[in-house]
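Below: the structure, in structure tokens.
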Amino acid sequence: METDKNAVAERVSRLMETVPKDRGQLLPALWRVFEEYQRIGPEMIEAVSNAMNIPYAEVFGVASFYALFDNAAGHRPIYVCTDVLCALKGSEDLLAVGEDAAQGAAVALKESPCLGHCDGAPAMFDGHRTVRNATRASLMAMIRGESHA
Ligand code: FES
């Protein structure tokens, strides 16, 4: 995978062709890039900023807020929303229950700020899919990488 700034810009620009140029699509856009590179670096932030015509600081802010820079040791991240509504619906319990299973599956369970699915709390997201009304069973399925989680 290229790391040259121009090559990154070109590839990210192609990825962004399918993403509406809308601030509300910034998080999905960043995930597209994350999927492609398994990380988000400054050159990706700049490329997304240019492709979506959104200031660098704003793109950086969203990427930082959702801890997209953190891909510890190649572990597949699963974000469990622990913001207020999801916490009230048991997301902390989900995290506690999933910890052991995650360690054995090379998954990094992470707390996340609001994922924008408050009406389906608790919500979780693995970079590909969002699961609303998450349960222990759906979390375990996501940890195992099952597509129907
Ligand atoms: S509070 Fe969890 S998705 Fe909004």
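The values are calculated or read from the model by the stated rules, or taken from the named source; none is laboratory data. Note that the structure is predicted; figures quoted are calculated from it, not measured. Here the Cβ is made from the backbone with ideal geometry for all residues, glycine too, and neighbour counts use every protein chain on show.
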Taking only pairs six or more apart or across chains, which ones have beta-carbon atoms under 7 Å, a first residue in the stretch 43-68 that is at pLDDT 90 or above, and a second residue that is assigned to a loop (DSSP other than H, G, I, E, B)? Ser49/Pro55; Met52/Lys21; Asn53/Lys21
Regarding the stretch 81-92, can at least one residue be identified that is in contact with a Leu (Cβ under 6 Å, 6 or more places away or on another chain), surrounded by 18 or more Cβ atoms within 10 Å (Cβ to Cβ) and in contact (Cβ under 8 Å) with a residue 12 or more places away in the chain? yes
Name the single residue, out of those in the stretch 93-108 being away from the ligand (no atom under 12 Å from the Cβ) and modelled with pLDDT of 90 or more, that is surrounded by the fewest Cβ atoms within 10 Å (Cβ to Cβ). Ala96
Would you check which residues across the stretch 130-146 are of a type in the set (Gly, Ala, Ser) and within 14 Å of the ligand (Cβ to nearest atom) and list them? Ala134
From Gly120, Gly116, Gly127, which residue is near the ligand (Cβ under 8 Å from one of its atoms) and farther than 12 Å from Lys89 by Cα? Gly116
